[in-house]
Amino acid sequence: MALKFSVQADGMDAVKEAVSKVCDRAEHVLAVQVAKDTAPFVPMLTGSLRTRTRVTGNTVVYPGPYARYLYYGKLYVDPLTGSSYARKGVTKVPAVPEKDLIFHRPGTRSHWFEASKAQNMKKWVRVAEKAVKHDL
């Protein structure tokens, strides 16, 4: 005995689009929360890096080469003078021997996202779940 059946999938495109919008919004909500929770780990001597950080869609954007330099936390120097202050037009090179940058504010560090993730991952999962459930 064979069973035959058919499934009408009319209207599934609308459901798929609605779920996609909900997920996009949840990703943005999560990115805002990640930026907020990660801020205490971001180095802050002048405040430039924290104040210029922005959330675009589902991405946290830290400004330019300055953020990359601090994120990896390795000292780069002028190749001629060995100073961390390079002369105009000179490209810095890694210090030899390799040295880590020193962050003076308590809690700030290189690789700040990983530190925040280790501390806040469970919270981020809850925030994302709540955002999805709220809009469905």
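The values are calculated or read from the model by the stated rules, or taken from the named source; none is laboratory data. These figures come from a predicted structure and were not determined experimentally. No Cβ is skipped: glycine too gets one built from the backbone with ideal geometry, and neighbour counts run over all protein chains shown. Please note that ligands, DNA and RNA were not included when accessible areas were found on the heavy atoms of the full protein model with its side chains. Shrake-Rupley method; radii C 1.70, N 1.55, O 1.52, S 1.80 Å.
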Here's a check for you: in the range 1-42, which residue that is of a type in the set (D, E, K, R) and not in a helix (DSSP H, G or I) is most open to solvent (accessible area, probe 1.4 Å)?
Lys4
Evaluate the following for Leu45: is it loosely packed, with under 15 Cβ neighbours inside 10 Å, hydrophobic (A, V, I, L, M, F, W, C) and either out of contact with any Cys (no Cβ under 8 Å at 6 or more places or on another chain) or farther than 12 Å from Ser110 by Cα (or both)?
yes
In the range 75-121, what count of residues is obtained for those that are within 16 Å of Val34 (Cα to Cα) and touching a Leu at 6+ places or on another chain (Cβ under 6 Å)?
0
Filter pass, Leu136 being at pLDDT 95 or above and exposed (fewer than 15 other Cβ atoms within 10 Å of the Cβ)
no
Scan the range 1-30 and report the pairs whose first residue is under 24 Å from Val55 (Cβ atoms) and whose second residue is open to solvent by 80 Å² or more (accessible area, probe 1.4 Å), with Cβ atoms within less than 7 Å and a gap of 6+ or a chain change.
Val22/Leu136; Glu27/Asn58; His28/Asn58
What is the one condition in (1) modelled with pLDDT under 95; (2) open to solvent by less than 90 Å² (accessible area, probe 1.4 Å); (3) assigned to a loop (DSSP other than H, G, I, E, B) that Tyr85 does not satisfy?
(2)
Among the residues of the range 48-79, count how many are open to solvent by less than 60 Å² (accessible area, probe 1.4 Å), assigned to a helix (DSSP H, G or I) and without any contact (Cβ under 8 Å) to a residue 24 or more places away in the chain.
4
